[in-house]
1. Grab the other residues whose beta carbon is less than 11 angstrom from that of Ala284, score K and R as +1, D and E as -1, and report the net.
2. So what is the calculated 222 nm ellipticity per residue for the chain, using -39500 (n - 2.57) for each DSSP H run with n of 4 or more, over all residues, to the nearest 500 deg cm²/dmol?
3. How high is the FRET efficiency from Glu5 to Glu115, r the C-beta distance, R0 41 Å, rounded to 0.05?
4. Taking the Cα of His250, stepping 7 Å toward and past its beta carbon, and measuring to each backbone N in the range 164-187: which are under 19 Å?
5. With an 8 Å cut-off on Cα pairs and a minimum separation of 6 or more residues, tell me the relative contact order of the chain in percent.
6. Under a Cβ-only charge scheme (Lys and Arg +1, Asp and Glu -1), can you give me the dipole magnitude of the range 253-390 about the Cα centre, in debye to the nearest 20?
7. Mean separation of Cα pairs under 8 Å and 6+ residues apart, divided by the residue count of the range 1-94: what relative contact order is that in percent?
8. Only four residue types carry charge here, +1 at the Cβ of Lys and Arg and -1 at the Cβ of Asp and Glu. Report the dipole size of the range 146-209 about the Cα centre in Debye, rounded to the nearest 20.
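Every number here is computed from the coordinates shown, using simple stated rules; none is lab data. Treat the numbers as computed from the prediction; the structure is a model and nothing was measured. Here the Cβ positions follow ideal geometry from the backbone for every residue, glycine too, while neighbour counts run over all protein chains shown.
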Amino acid sequence: MHYSEAREKYMALGVDTEAAIETLKQVPVSLHCWQGDDVRGFDGDPSKPLTGGIQTTGNYPGRARTPQELMDDLDQVLALIPGKPKMNLHASYAIFDKDNGGWADRDKLEPKHFEKWVQFCKERGLGCDFNPTFFSHDKCDPLTLTSPNEETRRFWIEHGRACIRISQYLAEQLNDVCVMNIWTGDGFKDVPGDRMGPRERYRDSIDAILAQPYDFSKVKPCVESKVFGIGVEAYTAGSGEFSLLYAAMHKDKCIPLMDNGHYHPTEVVSDKIPALLTFFDEIALHVTRPIRWDSDHVVLYDDETREIAREIVRCGGLDGRVHIALDYFDASINRISAWVTGYRNLQKALLFALLQPGSLLKRLQDEGDFTRLMVEQEQLKTMPLGEVWDEYCRRCGKPVDGEWFSQVMEYEKNVLSKRG
Ligand code: RNT
Ligand code: ZN
């Protein structure tokens, strides 16, 4: 089947594939830098393990070990993904060199440590999101923003404030919104003796971070919740209620962030999107794939990814109300392929969502015609999405499915396999 036939088929449903393609080209989706090096960053000892309730598994060869290697890998990814990517950096990816005074601790980070990233983004026409890094560092005691030790807590507040200044710099330099996500893994392995103290300190710490001036139309601090992490199974300070309420009580300066790996297994973020958008002007998402826990597997073109995309689209999320980012890290397969697969799958899910006859489905529901609603929704699953997807990739100047993997293998052979 050709694209033109697929277009006709969708037209018969009242769906305009041309409009869907044009819309999707303009939807920013954040590409997380941390898939390329297993979340290690450049500011610490690379031989030390990740700490703070997140973990990567696997040791596939070819991990990026330097800023240059990571940028080279990102260029491979960028060549193979359609749409409008923007970068997503963690503070631990600061680039230190002789020209900018060498290594600096996290409380002393400055915009100059991200100058090379700004250059990278400018040359490629990308915006950039940012994240303070409250994990994998000596000053985690192991708590950070919730620590009862004032010196520790101060250090991490200063880190957060430095990151606000860096986010403001990124937004200004790249003339684009910078979403700055606050996530800490602070919590306890076993039954706590005090659940409220850490949460009060967390609240006060976020207050202190957000007291650093920034332009809220350009810098969007957010608070990411989590149900539990490895090693902190019994209690997480930044729980769902805590984070959502913090954002709700501070709507003039921050927004909530939902990561779909951070809830109980039968809860779905797709359903939470309209719930939050009923009250918030803007929300942020981390799209990932949890298997049994927050395992951060590569995003697939699966039911929940499609449902998340459908809610983003039909709740008007593409008009800047939903900030979309990817968040997964698989070290057991080729990392470029992992990056590209997840990014393309999210794009595909968004295209699927844009090709839904929204007003028909809404009308059937409002009229109580649930029989036909089910039938229509099921039929949509076998509409010729693939033809529209291929056309979208071509119009973005990017390879269609079946054309990109050999390029990744070529790069693995010539570059990745030669890394020690
Ligand atoms: C961890 C959170 C957080 C991290 C990144 C690296 O559970 O999802 O967003 O994955 O900041
Ligand atoms: Zn996340």
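1. In short, -3.
2. Calculated at 222 nm, the ellipticity per residue is -13000 deg cm²/dmol.
3. Once rounded, the FRET efficiency stands at 0.25.
4. 164-169, 178-187
5. Relative contact order comes out at 20 percent.
6. 180
7. It rounds to 42 percent for the range 1-94.
8. 80
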